[in-house]
Amino acid sequence: MQLDFAAKQLTLKLVYYGPALSGKTTNLQALHRLVAPTARGQLMTLETREDRTLFFDLLPLTAQLSDALQVRLKVFTVPGQLVHNATRRIILQGVDGVAFIADSQIIETRHNQEAFREMCGHLQANGLSVEDLPMVLQLNKRDLPNIRSDEELRALSARTREPVIPSIATQGVGVVETLLSLLDLVWLDLDRKHGLQAKFGVSSEALLTGVREALGIREGA
Amino acid sequence: MRGRSESRTDLVLAELGSLEDAIDRDALAAVCRSFFALFGLSVRIVGESGQLLADVHEEAAICTYARTFPKGRAACDALTTELKHIDPGRESLVHPCFTGAVYRIEPVAYQGRAIGRLILGPYRRPDDERARAEREGAPIARLLERVPELDRAEAKARLRQMPVVREDTAARISAHLAVMVQHLAFASHRALLASEMHIASVRESHRELVAQKEDLEAAYARLQEADQLKSNFLSTVSHELRTPLTSIIGYAEMLRTEMLGPLDGELRECAQTIQQRGEHLLQLISRLLDVGRLERGHVLLERTWLDPAAAVQTVVEDIEPLAAKRDVSLALELDQPLPTLHADPIRLRQILLNLIENAVKFSHDGGTVTIRVEAATIEKLPREGLAAALFGPPTQALRFRVIDNGVGIPASAITKVFEPFFQAESGSTRRYGGAGLGLAIVSGLVEAHGGHITVQSAPDVKTEFCVTLPLERPDE
Ligand SMILES: Nc1ncnc2c1ncn2[C@@H]1O[C@H](COP(=O)(O)OP(=O)(O)OP(=O)(O)O)[C@@H](O)[C@H]1O
Ligand SMILES: Nc1nc2c(ncn2[C@@H]2O[C@H](COP(=O)(O)OP(=O)(O)O)[C@@H](O)[C@H]2O)c(=O)[nH]1
Ligand SMILES: [Mg+2]
Ligand SMILES: [Mg+2]
């Protein structure tokens, strides 16, 4: 998080973490499509030219809530390939909230689990609290066959305190909800730590409606 | 070139520091030149700090003329400097030149922040617009006020050579140019991030390797030291203490059972005391060794699938005589049916024995100890456990609850009862005996099984220890 009082700007870092090919980049692409041009920056995909290995994707979003507050969101993804362990850890530095993008396909269970464990390790190594970091779970690729059933999702949702959001990133389904639920948790968390609500006179509900409006979000488009 | 590679972007937020640091000036100059060729308009690009980054302009005829006079040159220089430092905010603005022409200042924003601005002009506005402007004061008149040496006709003629641009056209072109600069910034930003990320990743990998190497070395040193300790401490304890102690107990027993000849009553009692205290000491030594091993995470579990009901029943039967002495009744409540449990039977017995013994020990005479065993699932998952849940079935578990209505544990002590040697009442050692090791061992063993233990106590009303063990370890 970065607070620039002079510019009345709050910058938040959100990271979309998950196993390779779970749909992290697709989430950012969908967000880019759904957000109004005035509120979005160019989607940056970082690859080195020689070996085309990916460092991260970055989607900058800017929501002008009022004259008193501009919220900038920097939404990052991590590279999936195993070799980029160090890069993933660097990207998690200073993160304000994580959307864990899991692949709903049953055969991906192990990859989901491994990525989650690895992420916890990185957060710890970065001195972040694994237990307290705002986090949402997205179960992507709900359109495919051989996936975790809706029943299983409900059961998972009942057992975890993280919001569990089903999605089809390729169709933009659940993508906005993921971003906004995460933003909500992040705001509440930062409000607890820094009293943002009092500083900016913006309640959690006002923030969400404000951001939704400022981003000009057209759900499902 | 910079002497050393300092970070020009903030990697955590991947911010572009400033236009002046990031942008490729040759590319910027090329864009400005083609812009000039296309529209015949001078353009300057400045960074947030006012540093000039690109400047493609052709001195207008009126400017050349005005600059031949000291006053004209001074006014012109002052304006050029002023222009670079005008902050237009979020919207573009039009700034007048003393010649009657204007400049347009357009902010360049990137990812929601201002990174610089471009200055377009000078240009003249068309007659209709100028007419409006002239009502506010004729420009030629004002120009002559500033530089009285100018010849009026000459100045007018030269001013007329300046390009005329409609305001909405100027707005469109400058916005367009700002977008092009944004794209250039984007390309530079991406290239910078890629190389910085590359360096940071390599550095991080290196750091990781070094840390791993140090960890390995430290672990190796610890192992060697532990080996040393094992061969010193453990063998001392088990050999130097246990061996003679075993003989003492053996001889005492031989005496007591009169294998070495008849004894009178008093001597036999002495022999019995020696044997009992000896056995107690032996037990204490093995418990101490247990605590040491558990603390170092050195317990090896030998798990089998076992019947939890049978395990609890045997422990209860063994404690029955002790409870009877204090008139404490033991109530066993077993859910039907109970699943089988993958656990180390000896260790499970140790867990139950310690908890039930404590419950009896700290009960009032005539109290009741209830032991409940029930099937459970491990419910709200801590984050670390979430991985297992993604998306395996919920962890099936078994819960053992040992409940008494004895003296209980004061709130101030409740978090400490699992620490080795802790006893709630310092005088209690005398009153209740024990070394304060039981719960330390229990919690270590529960953890080794991947379970957890909790305690709640309302003194004299209800004290409950609750052990939850997964039917299998989650990562099996
Ligand atoms: N059921 C209980 N009721 C009240 N206090 C208890 C109970 N169980 C444990 N305690 C408190 O926790 C302390 C630590 O228990 P623990 O079993 O570790 O040691 P101990 O029973 O005193 O000695 P040891 O088990 O080594 O013979 C006890 O001394 C007692 O103060
Ligand atoms: N069927 C389906 N495919 C998806 C969905 N989301 C992503 N994909 C596909 O999964 C592949 C990997 O997606 P990508 O976003 O690159 O994964 P990343 O490695 O997590 O960034 C691509 O071929 C996507 O089109 C989805 O919801 N449904
Ligand atoms: Mg990707
Ligand atoms: Mg005890």
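Here, each number is a calculation from the coordinates, and none is a lab measurement. All of these numbers come straight from a predicted model, not from anything done at the bench. Virtual Cβ from ideal backbone geometry, glycine too; neighbours counted across all protein chains shown.
Some notes on this structure:
- For the protein assembly as shown, the spread of Cα coordinates along the three principal axes comes to 146, 52, 48 Å, biggest extent given first.
- GNM flexibility winner over chain A from A:Phe200, A:Phe76, A:Phe100 (Cα, springs under 10 Å): A:Phe200
- Projected over every direction and averaged, the convex hull enclosing the alpha-carbon atoms of chain B yields 40.9 nm².
- Residues in the range A:107-115 carry Karplus couplings, in order, of 5, 8, 3, 4, 5, 4, 4, 5, 4 Hz; the curve used is 6.51 cos²θ - 1.76 cosθ + 1.60 with θ = phi - 60°, and Gly or Pro positions show x.
- Rg over Rh, two decimals, the range B:6-197 (C-alpha only, Kirkwood Rh): 1.04
- Of the residues B:Gly451, B:Ala30, B:Ala153, the one whose Cα sits farthest toward the positive end of the charge dipole of chain B, with +1 on the Cβ of Lys and Arg and -1 on the Cβ of Asp and Glu, is B:Ala153.
- In terms of overall dimensions, the C-alpha atoms belonging to the range B:275-400 reach 54, 36, 25 Å along their principal axes, ordered largest to smallest.
- For the range A:2-215, lysine pairs with C-alpha atoms less than 28 angstrom apart, excluding pairs fewer than eight positions apart on the same chain, total 13.
- Computed across the range B:205-295, the Kirkwood hydrodynamic radius from all distinct Cα-Cα pairs reaches 16.4 Å.
- Positive-pole candidate from A:Gln105, B:Ala114, B:Ser174, dipole of the protein assembly as shown, charges at beta carbon: B:Ser174
- Residues in the range B:354-369 that a label on B:Ala331 would reach, taking backbone N under 11 Å of a point 7 Å out along Cα→Cβ: B:368-369
- Counting Cβ atoms of other protein chains within 10 Å of each residue's Cβ and taking the mean over peptide A:81-93 gives 4.
- With the alpha-carbon atoms of the range A:2-215 aligned to their principal axes, the span from lowest to highest coordinate is 49, 45, 35 Å, starting with the largest.
- B:Met180, B:Met259 arranged by Cβ crowding within 10 Å, fewest neighbours leading: B:Met259, B:Met180
- Max mean-square fluctuation residue, GNM over chain A, Cα-Cα springs under 10 Å, options A:Ser167, A:Ser181, A:Ser204: A:Ser204
- B:Thr81/A:Ala7 FRET efficiency (R0 41 Å; Cβ-Cβ; nearest 0.05): 0.95
- Average other protein chain Cβ within 10 Å of Cβ, residues B:110-117: 5
- Helices meeting the span-like rule in chain B (full DSSP H runs, Cα extent of at least 18 Å along the helix axis, mean Kyte-Doolittle score of 1.0 or higher): B:25-39.
- Residue by residue along B:198-209, Cβ atoms of other protein chains within 10 Å of the local Cβ number 4 on average.
- Every helix of 4 or more DSSP H residues in the protein assembly as shown counts as -39500 (n - 2.57), and over all residues that averages to -14500 deg cm²/dmol at 222 nm.
- Packing, as the average of other Cβ atoms within 10 Å across residues, places the peptides B:72-82, A:27-37, A:133-143, B:57-67 in the order A:133-143, A:27-37, B:57-67, B:72-82, highest first.
- Pair B:Ile199, B:Thr314: separation of 7 Å Cα→Cβ label points (nm): 6.6
- Environment charge of A:Thr170, counting only residues whose C-beta is closer than 10 Å and scoring Lys/Arg +1, Asp/Glu -1: 0
- C-alpha center-to-center spacing [the range B:58-84, the range B:272-327] in angstrom: 98
- Computed about the Cα centre, the dipole magnitude for the range B:205-295 is approximately 100 debye when only Lys and Arg (+1) and Asp and Glu (-1) carry charge, each at its Cβ.
- Cα convex hull, the range B:300-470: 122 Å³ per residue, rounded to a whole number.
- Taken over the Cα atoms of the range B:156-206, the convex hull encloses 89 Å³ per residue.
- Relative contact order (percent, whole number), chain B, Cα cutoff 8 Å, 6+ residue spacing: 10
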